[in-house]
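Reviewing the structure listed below.
The values are calculated or read from the model by the stated rules, or taken from the named source; none is laboratory data. Small disclaimer: the values here were computed from a predicted structure and weren't measured. Reconstructed Cβ throughout: ideal geometry from the backbone, glycine too, with neighbour counts over all protein chains shown. Accessible surface is based on the protein model in full, side chains and every heavy atom, while ligands, DNA and RNA are left aside. Shrake-Rupley method; radii C 1.70, N 1.55, O 1.52, S 1.80 Å.
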Amino acid sequence: FFCVYVDRGDYSVECIIYLLCMKLLAPERIFMLRGNHECRALQTEFTFLTEVTSKFGTAAKQVFDAFNDVFDVVPLVGIVDDSIYCAHGGIPSCAQKIEQIMELQCPMPDPDEQSQIAMEILWNDPVTDPEYDDLVNNNQEAKDSAGKVQKSFLPNTKRGTGCFYSEDALKSFLEGNSL
């Protein structure tokens with residue numbers, strides 16, 4: 001499985017073309033997952049649009065749109081051998097079952113706006129139990145209105161979007177889905 005193909009250097013175009021060619025040559029052996037940079041907004045903010053423009057000139061918009069038409073249908077999640085969960089960011093706080101994730105409709109041009117589940121799969125970050133405890137101790141939002149500590153998910157203060165999730169949240173998600 002591969003994810004995050006663009007915005008990671010000067011050769012994103014060549015990287016994604018190579019991977020797409022490999023997928024065409026070996027469709028049963030190459031599996032691609034969508035990462036958070038396979039979204040137009042980030043590609044515009046970071047380097048991919050600039051790279052496409054410099055390499056394709058007047059055809060840049062057409063090429064950029066074609067790449068993104070592909071990214072819009074690349075799966076967010078892969079399950080290997082009915083037992084291993086693969087995703088760019090991780091598990092969503094708003095979906096406990098794989099079936100909820102598999103119900104997401106494609107194409108999805110703007111996952112951050114179209115689906116809370118998709119947004120969190122792309123942006124959520126795992127943290128260890130000690131890291132989670134530190135976040136709880138330094139974050140008033142970590143407690144609900146009754147003052148009880150949230151045990152699974154906290155706002156991702158590093159990214160400003162998505163959530164941090166604990167080892168307990170991950171174990172619960174994996175066990176609840178027999179993964």
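Placing unit charges on each Cβ (+1 for Lys and Arg, -1 for Asp and Glu) gives the chain a dipole about its Cα centre, and among 60, 91, 130 the Cα reaching farthest toward its positive end belongs to 60.
Could you calculate the FRET efficiency of residue 98 with residue 23 from 1/(1 + (r/R0)^6), where r is the beta carbon distance between them and R0 is 22 Å, rounded to 0.05? Spell out each step's value before the answer.
Values: r = 23 Å, r/R0 = 1.05.
Result of the calculation: an efficiency of 0.45.
Which whole-number value in Å³ per residue fits the convex hull of the alpha carbons of the chain?
Expressed per residue, the convex hull around the Cα atoms of the chain is 129 Å³.
Over the residues of the chain, the helix contribution to mean residue ellipticity at 222 nm works out to -12000 deg cm²/dmol, using -39500 (n - 2.57) for each DSSP H run of at least 4.
Give me the net charge of residue 119's neighbourhood, meaning all other residues with Cβ under 15 Å from the Cβ of residue 119; Lys, Arg count +1, Asp, Glu -1.
Values: positive: 34, 40, 159; negative: 38, 72, 110, 112, 113, 120, 125.
Once all neighbours under 15 Å are counted, the net charge is -4.
Quick one: pull the percent of accessible area on the chain belonging to carbon and sulfur, 1.4 Å probe, ligands and nucleic acids left out. Provide the component values of the computation, followed by the final result.
Numbers: 5590 of 10200 Å².
So the carbon and sulfur contribution to the accessible surface is 55 percent.
Could you sort out which of 23/151; 55/158; 55/97; 23/61 sit more than 31 Å apart by Cα distance in this structure? Walk me through the intermediate numbers first.
Numbers: 23/151 40 Å; 55/158 33 Å; 55/97 42 Å; 23/61 24 Å.
Distance filter (> 31 Å) returns 23/151; 55/158; 55/97.
Put a plus charge on the Cβ of each Lys and Arg, a minus charge on the Cβ of each Asp and Glu, and nothing anywhere else: the dipole of the chain about its Cα centre is then about 220 debye.
Kindly sort 175, 120 by accessible area of their heavy atoms, largest first, with the probe set to 1.4 Å.
Numbers: 175 140, 120 5 Å².
Solvent-accessible surface, decreasing: 175, 120.
Here the contact order of the chain, divided by its residue count and restricted to Cα pairs under 8 Å and six or more residues apart, works out to 18 percent.
On average, how much accessible surface per residue is there in the chain, in Å², for a 1.4 Å probe, leaving out ligands, DNA and RNA?
Ligands and nucleic acids excluded, the figure is 57 Å² per residue.
Pull up the cross-link candidates among the aspartates and glutamates for residue 171, meaning alpha carbon to alpha carbon under 20 Å and not fewer than 8 places away within one chain. Residue 171 reaches 81, 82, 99, 120, 125, 129, 131, 133, 134. Electrostatic tally near residue 77: other residues with Cβ closer than 14 Å to its Cβ, Lys and Arg +1, Asp and Glu -1, net -3.
Simple spin-label estimate for residue 44 and residue 65 gives 1.4 nm between the two label positions (7 Å along the Cα-to-Cβ direction from each Cα).
For the chain, the residue among 37, 48, 107 whose Cα projects farthest onto the positive side of the dipole built from Cβ charges is 48.
A crude spin-label estimate for the pair residue 106 and residue 131, with each label 7 Å from Cα along the Cβ direction, gives 2.8 nm.
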